[in-house]
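Visitor: Okay, handing you the structure first.
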Amino acid sequence: MSSHQRPPDDHDERRTKRRRIGALVAASGGAFIGLLDATIVNVAFPSMSETFSGADRSQLSWILDSYFIVLAALMVPAGALADRYGRKKVFLAGIGAFVGSSILCAVAPTLELLVAARVLQGAATAVIVPASLALVLREFPIGQRSTAVAVWSAAAALAAASGPPVGGLLVEIADWRWIFLINLPLGAVVAVLGIRTLRDSRDTESTGLPDLLGSAVAVGALGLLTLGLVEGDNWGWTSPAVLGSFAVSALLGCVLVWRSLQHDRPVIDPALMAIQSFRVGSLGMLVFATAMFAVILGNVLFLTSIWDYSVLQAGLAAVPGALATTIVARPAGRLADRFGHRAVILPGVALYALGVVGLCFVGSEPNFLLDWMPWTITSGIGIGLALPIMGAAAVADVPEQRFGAASALSATFRQIGAVIGTAALIAILGSPVSIDDAMSHADRAYLFAAIVAVVSGSLVLSLRPANKVKELVPAR
């Protein structure tokens, strides 16, 4: 063998590493484009209200909420289908459906048709997200999974944070319909990279179909909860319609839990919930996402309605926080691998809460560099430390054959948080009649988000300092 030749095993190792990196980029890119559309719509509200004249803030909020509700309800059955039929095949099919539904969103002539197209887009994202995370978990050995999942989760968090600046730029230079058309080239890049680098895998023990009726029950429960929250100010919080929405939502939630205990392929898998790290990480993500999505939309509305920023300015104001999230996320994964998830999550939650509380002291006169940017960078660092590592903690102890179901259910909890956070923000902001009134409502919203974030931190206190893999009890 020549001195210039590498040993075959070294060559294979390098090739495997390159392919793994490509697969991580493809899977994370799929999650990014799907979840980018979770927040890119926020800054388009003023432009959409002009197109759909007569629609108020609560009606426009269904463009967001319909997407979140369907995404949350279908994530688990989509993950089960990915486990059964092949994660790569399902992932690529989801990318195709997402691009198609994005075109429908872009050409929708009415608010009702746009909401319907967003439902389809949410369903496509529900297919993409769990399959993409399962593909990442399949590629990396146990010792590297926290880092890999942190990168994937950082892409998801970056997508949420990047929505406002990307959307603001597109609305400013073109039209709100371009926030959906941008998905065409992005989807094409992800599809090509995925075809070249991803390896297909499936759960050979997967049998039976997922609980589709249970998913429909979940849609009803989340939809009625959202209806009560966003219309509470208009209809009256003690009106029969609002109280009835909450009551039926709670009843459907109980039905969902009951079905999950009876069905072979439930929406909420009791076997997964029995894993302490999965349960704590997933519930932590639900609560933290409630705070995060409330603040993302709240920031856009504060900047456009109180500081009178343009859509582009409001979008660009989110860039420092988004960059902070991205920079912090990868080293956070390495720290979690070394010191345990709890040691990284708790400082992240504390920083996020501090940054959000700081926004309560921002005045009505614009001062971006001194009053706004320091707090959004602080909260962005907090997101980068907390949310990706909660996701890593949730799947740390899950056996390989259950990756699809576990990643789907953990992502479902995060999207439920997005539904609740967005709806709660609309409820808290209400319909202010003056700048002082709007400032008071904004302070209440930020204080709500900070308290919710602290609650998410209290949930992860029960995580072990260092997680050890344990066997999962098979689903019944």
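All of the numbers you see were taken from the coordinates with simple rules; none came from a lab. This structure is a prediction, so every number in the text was calculated from the model and none was measured. Note that we place each Cβ from the backbone using ideal geometry, even for glycine, and neighbour counts take in every protein chain shown.
Visitor: With a point put 7 Å past each Cα toward its Cβ, work out how far SER431 is from ARG334 in nm, to one decimal.
Guide: So the two model labels end up 5.4 nm from each other.
Visitor: About its Cα centre, what dipole magnitude does region 67-221 give when the only charges are +1 on Lys and Arg Cβ and -1 on Asp and Glu Cβ, stated in debye to the nearest 20? Provide the component values of the computation, followed by the final result.
Guide: Numbers: 11 positive and 9 negative charges, 83 e Å.
Rounded to the nearest 20 debye, it is 400 debye.
Visitor: Hey, rough spin-label estimate for GLU13 and LEU461, points 7 angstrom out along Cα→Cβ, what's it come to in nanometres?
Guide: Simple spin-label model gives 4.4 nm for this pair.
Visitor: Kindly rank 381-391, 312-322 from highest to lowest mean number of other beta carbons found within 10 Å of each residue.
Guide: Details: 381-391: 30.5, 312-322: 22.5.
Averaged packing, sorted descending, gives the order 381-391, 312-322.
Visitor: Could you point to the residue in LEU229, ASN299, GLN415 farthest towards the positive end of the chain's charge dipole, with +1 and -1 charges on the Cβ of Lys/Arg and Asp/Glu respectively?
Guide: After comparing all options, I get GLN415.
Visitor: If R₀ is 22 angstrom, what is the calculated FRET efficiency for the pair SER364 and ILE327, using the beta carbon separation as r and rounding to 0.05? Let's see the in-between values first.
Guide: Details: r = 31 Å, r/R0 = 1.41.
With R0 = 22 Å, the Cβ-Cβ based efficiency is 0.10.
Visitor: As a check on your grasp of the helix formula, calculate [θ] at 222 nm for the chain: sum -39500 (n - 2.57) over DSSP H runs of n ≥ 4, divide by the residue count, round to the nearest 500.
Guide: Working: 18 runs with 371 residues, N = 476.
Rounded to the nearest 500, the figure is -27000 deg cm²/dmol.
Visitor: Give, rounded to the nearest 20 debye, the magnitude of the charge dipole that the chain has about its Cα centre when Lys and Arg contribute +1 at Cβ and Asp and Glu contribute -1 at Cβ. Walk me through the numbers before you get to the answer.
Guide: Values: 33 positive and 31 negative charges, 417 e Å.
So the dipole magnitude of the chain works out to roughly 2000 debye.
Visitor: Continuing with the same structure: Once label points are set 7 Å from the Cα along Cα→Cβ at both LEU213 and ARG196, what is their separation, rounded to one decimal in nm?
Guide: Spacing of the two 7 Å Cα→Cβ label points: 4.7 nm.
Visitor: If one takes the longest principal axis of the Cα atoms in the chain, at what angle in degrees, from 0 to 90 and to the nearest 10, does the Cα axis of helix 87-107 lie?
Guide: Helix 87-107 and the main axis of the chain meet at about 20 degrees.
Visitor: What label, among (i) 13; (ii) 26; (iii) 21, belongs to percent of Cα pairs over 41 Å apart computed from the structure on display?
Guide: This structure yields the entry labelled (i).
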